Each structure stands twice: as structure tokens, then as C-alpha cells.
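The values are calculated or read from the model by the stated rules, or taken from the named source; none is laboratory data. Note that the coordinates shown come from a computational prediction; the quantities given were computed from them, not determined experimentally. Neighbour counts run over all protein chains shown; Cβ positions are idealised from the backbone, glycine included.
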Amino acid sequence: MVPHVATDAPEGAVPLRLVAANELESWLAGRTAAERQWLSRHGFAAKSGEWLALPGADGAVAEIVAGVERPLDVWSIAGLPGVLPAGAYRLADSPGAESATALATGWALGTYEFTRYKTGRGSFPTLIAPEGTDLAEVSRVREAVFLARDLINMPSEDLGPAELAAVALDLAGQFGAESEVIVGDDLLVRNFPMVHAVGRAATGAPRLIDIRWGDPTAPRITLVGKGVCFDSGGLDLKTAEGMRWMKKDMGGAAAMLGLARMVMDAGLPVRLRLLVPAVENAVAGNAFRPGDILRSRLGKTVEIGNTDAEGRLILADALAYGAEEQPELMIDAATLTGAARVAVGLELGATFTDDDDLWQALERHARAERDPLWRMPLWQPYRKSMESRIADIDNVGTSRYGGAITAALFLQEFTGGAKSWVHFDIMGFNMTPRPGRPVGGEAFAIRALYRLLAERFPKP
Ligand code: BES
Ligand code: ZN
Ligand code: ZN
């Protein structure tokens, strides 16, 4: 069952005709003179997102014509549930099995609302799933993306480290996964000193969430997500503008939770592990300071050049822990740097890996799923900008330039042991609306990643 996507056509489902601008003329040629006149009087040009109702003889809507771009993909009709009148719609032309699932998924994603603090519209028109739609897949993607969006949209007051852990444990429970959460001073006992240091000034105690699922003998896939529930910058406090959206600094954790949900729901034959260091980067008398030197889980000492570069610190301990069992593939996602946003903007996920085959497959899936990723270099010469005179490494480089690269190089130092590693520096948020993607939290990279994992580890 997918809300607003139905399987069987009720009487009177309105045909939805998808027309590309360059097909308009030939399509019009096959229509009645009255229809042609109606469409031209309304200036219908079949621009993507544009739609128009064709009146029927009895005053009812005979058909909806909607502009699209080809090839059809997940976003082609994702804007329509938000604008079409109530009712049920069916595609006038069969899109083929491949596009069917994508279109239905986009429709489902286009019905997202964050209604915890304000009543939404509640109802949306229904799409009759086109022939060949894999409804389980539509539901899987919808649930994962909505979970991530909801978590990111939650204000920090209501989604601190404890609440984030509760959500993760709930998810683990739903799929029969094993879980452990290491909280507060236990982080010191269990050797996660940097997770503790970053999170100790907050009222909500820092913690490491650890979830394991699947056949222990299957290939090990480890997901790590930055779970900074609020990033004030710490003592190196952010500006008001810089701090405004930092409730989203757990966007990597939200994405990895969504991906974990898809993998578990699909029952992929892998041994899945999810690690989320969950903290708030707060200011208090016991906050970690610029100039402090932290001893990481791995033993490397880290001089704190800036307390606002906190994500890489908590990830370093989590990545080191994950790498200890030598996973086949370790994936991390993080709203790690403003520099990544300068480099690739707000829509692309900045992707770092030394595994060329992995990147090639990822790029292919990112394009197909319209979940766009761009490769960035792990440019080793920049490592020296993080040299510290009195510690093994500094948590920031000497220059702001290439800041997403130095952050990725910092993380890489803690991934030894993993057979392959890929890092996503993501936005986690739509600042401007696009079809199917309202302003607010967004699950970056996970639709592409899920397809990659489903391809690499097909169900027997
Ligand atoms: N969470 C931020 C990065 C961020 C900022 C992501 C804006 C998305 C949008 C991160 O913890 C941070 O503050 N990074 C600093 C690093 C700097 C001090 C080296 C940054 O990017 O300015
Ligand atoms: Zn920060
Ligand atoms: Zn941060």
C-alpha cells in the first residue's frame, strides 16, 4: 500500500497525457479542432511542469495534458500531485515498465509534507500505478526518503542525540536488527574520545548508535552518518546566518538511516552495519576548545584548529570503529563542509572515493535515478595543510581553499581496513523547491546508493 498511488483503476480516473514540447505539434494534429483551439487559447506549450485540463462534453475533465521532458524519469510528474485537482489519474499512454516505477515513485515523493507542527493539506490526488510498476519499490523509496526528510526537518529541540537514537532503535526493531547505543561517559570507556569531546557540552549526551542486520557471513556493508543534531560551531561560534539551518547537520545520519531502511526492507543479501555518532556541538564551560589536542580512537592525536570542524572528528572515531571489521564497502554521508557547497552548489552530492569501479557504477546510478553526484578528488598533496606542529594532524587546513577536499582527506586517515570507502559531502536540504522536492530536508545520494547495492548484491 502506497498512499496516493493505487493499483486498480476506479471508474472515471482522468487520463493524464504526457507530452514533450517537441512532440506537441504532432500530438495536436491527432486531436479535434476544438481541443486544439482550447490548448492554443491557453497558450499551452508543453513546457515541463505545465498542465491543462481538457473539458469533456458534460463539463467534466476529459483529460489532463501535462508537459514533460523526455526520457521520463522520477521527477517528470512529481510536481503534479501538488497542483492537480483531487481525484484519480491514470497515464493515457503506457510508459513502459522501466519508467512506470520511476513515475509512480516521483508521484509518491511529490506528496511529502512535514505536518508535525502545522496541518498540511492532507489529501492529494491519486495516481493509478502504470502497468509494470514495482509498488514495493515505490513504497521502499518513499518510506526512506520521507524518514530522512522528516528527521532533517525536525527542530533540534525535538531531535537531539537521544531522540535520533530512539528513531534508529525503532527502525532496528522494525527489521529485527541488533543494536547498541554507547552514551555519555561510556564513550570514553569504549574509546570514542572525539565523539565524547564534541558532544560533551550539550544537555543531550553524545552517543554512538550501532545497528547490525542480516546474515553475519554475508558481505559487510557499513554506513556511517554525521549526526550533529545542532551545530552552533562550538566555541568558534557560527554567525547567525551560518547557524540558521544547522538543525540539518544530521542530514548524513538521516540519509544513512533511510538507506539502511531500504536495504533491510528489500532484504538484500548483505551484512549491514549502521554507525551514527550523534551529538550536539554546543557551547558551555566544558566545551572542547581551539588548541585542545584530542586523542582519537585510532590513537592519532588531533589538534583542534577550529571547533566548527566537528563533523570530521566524530566521523573519524566512527569510521575507525567501522573499519575494524574490514567491511567490503564503507559509505559515509555528512553535511561536512560549506566548501563542498561552494564547489558543487546545493544540488549535487560531492563524492570522494579512490575506488574507480565504485565511482563508475555510482555515477551511472546517480544519473539514472536523477540523484545527482559529482566526483571530487582525494588530492593527497593537500594533506600537508593539516600538519600540526604538536599533534599528528590538525582538524582544519591552513587555507579555506579546497576545504571539502581537506575534510575528506582527514576522514580518509581513519578508514584504513575498509576494502573500499566512499564519502558524500551533502547539503541535506532543498533551499528552493523543485518538482517532488519541497523546501526542507532532503535525502541525498541514497536512491543512487540503493540501486548500486541492489545491483551488486542481488537477491538470490
Ligand atoms: N556543518 C558544517 C558544514 C556546513 C555548513 C554544511 C553549511 C552545509 C552548509 C560543518 O560542521 C562546518 O561548520 N564546517 C566548517 C569547517 C571549517 C571550520 C574548516 C565550514 O565548512 O566552514
Ligand atoms: Zn561545524
Ligand atoms: Zn557540522
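Values as computed for the structure displayed
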quantity	calculated
Scan of region 23-35 for residues that are farther than 16 Å from Gly67 by Cβ and in a helix (DSSP H, G or I), ordered by number	Ala29, Ala33, Ala34
Of the criteria (1) touching a residue at least 24 places away in the same chain (Cβ under 8 Å); (2) assigned to a helix (DSSP H, G or I); (3) acidic (Asp, Glu); (4) within 16 Å of ligand 2 (Cβ to nearest atom), which one Asp150 fails	(4)
The one condition in (1) touching a strand residue (DSSP E or B) at 6+ places or on another chain (Cβ under 9 Å); (2) assigned to a loop (DSSP other than H, G, I, E, B) that Phe124 fails to fulfil	(1)
Any hit, region 331-349, residues being of a type in the set (S, T, N, Q) and away from ligand 2 (no atom under 16 Å from the Cβ)	no
Number of positions in region 194-221 that are part of a strand (DSSP E or B) and either within 15 Å of ligand 2 (Cβ to nearest atom) or more than 18 Å from Ser296 (Cβ to Cβ) (or both)	6
Exclusive hit being surrounded by 14 or more Cβ atoms within 10 Å (Cβ to Cβ), farther than 27 Å from Thr101 by Cα and at pLDDT 95 or above, set Trp27, Trp38	Trp38
So Leu103, is it part of a helix (DSSP H, G or I), in contact with a strand residue (DSSP E or B) (Cβ under 9 Å, 6 or more places away or on another chain), of a type outside the set (S, T, N, Q) and under 19 Å from Leu135 (Cα atoms)	yes
Failed item in (1) of a type in the set (Gly, Ala, Ser); (2) assigned to a loop (DSSP other than H, G, I, E, B); (3) surrounded by 21 or more Cβ atoms within 10 Å (Cβ to Cβ), with Ala57 passing the rest	(3)
Matching residues in region 248-272 - criterion: being within 15 Å of ligand 1 (Cβ to nearest atom) and not small (Gly, Ala, Ser)	Lys248, Asp249, Met250
Strands (runs of 3 or more DSSP E) within region 228-339 that include 2 or more residues of a type outside the set (Phe, Trp, Tyr) and within 16 Å of ligand 3 (Cβ to nearest atom)	271-281, 329-334
Count of region 284-325 residues which are within 28 Å of the chain's Cα centre (by Cα) and within 15 Å of ligand 2 (Cβ to nearest atom)	11
Residue in region 220-247 that is surrounded by the fewest Cβ atoms within 10 Å (Cβ to Cβ), counting only those that are more than 10 Å from ligand 1 (Cβ to nearest atom), touching a residue at least 60 places away in the same chain (Cβ under 8 Å) and small (Gly, Ala, Ser)	Gly225
Every residue from region 103-123 that is touching a Leu at 6+ places or on another chain (Cβ under 9 Å), closer than 19 Å to Ala148 by Cα and hydrophobic (A, V, I, L, M, F, W, C)	Trp107, Ala108
Residue in region 290-302 that is of a type in the set (Gly, Ala, Ser), more than 13 Å from ligand 1 (Cβ to nearest atom) and either in contact (Cβ under 8 Å) with a residue 24 or more places away in the chain or touching a helix residue (DSSP H, G or I) at 6+ places or on another chain (Cβ under 6 Å) (or both) present	yes
Out of Leu272, Leu268, sole residue that is away from ligand 2 (no atom under 16 Å from the Cβ), closer than 30 Å to Phe146 by Cα, crowded, with 24+ Cβ neighbours inside 10 Å and in contact (Cβ under 8 Å) with a residue 40 or more places away in the chain	Leu272
Residue within region 379-388 that is under 30 Å from Ala218 (Cβ atoms), modelled with pLDDT of 95 or more and assigned to a loop (DSSP other than H, G, I, E, B) present	no
Thr239 within 16 Å of ligand 2 (Cβ to nearest atom) and polar (S, T, N, Q)	yes
The one condition in (1) of a type in the set (S, T, N, Q); (2) under 25 Å from Val396 (Cα atoms); (3) in contact with a helix residue (DSSP H, G or I) (Cβ under 6 Å, 6 or more places away or on another chain) that Thr239 fails to fulfil	(3)
Number of positions in region 49-70 that are free of Cβ contacts under 8 Å to residues at least 40 places away in the same chain and within 32 Å of the chain's Cα centre (by Cα)	2
Residues satisfying the stated conditions in region 136-193, i.e. buried (at least 17 other Cβ atoms within 10 Å of the Cβ), under 13 Å from Ala205 (Cβ atoms) and in contact with a helix residue (DSSP H, G or I) (Cβ under 7 Å, 6 or more places away or on another chain)	Pro161, Leu164, Val181, Leu187, Phe192
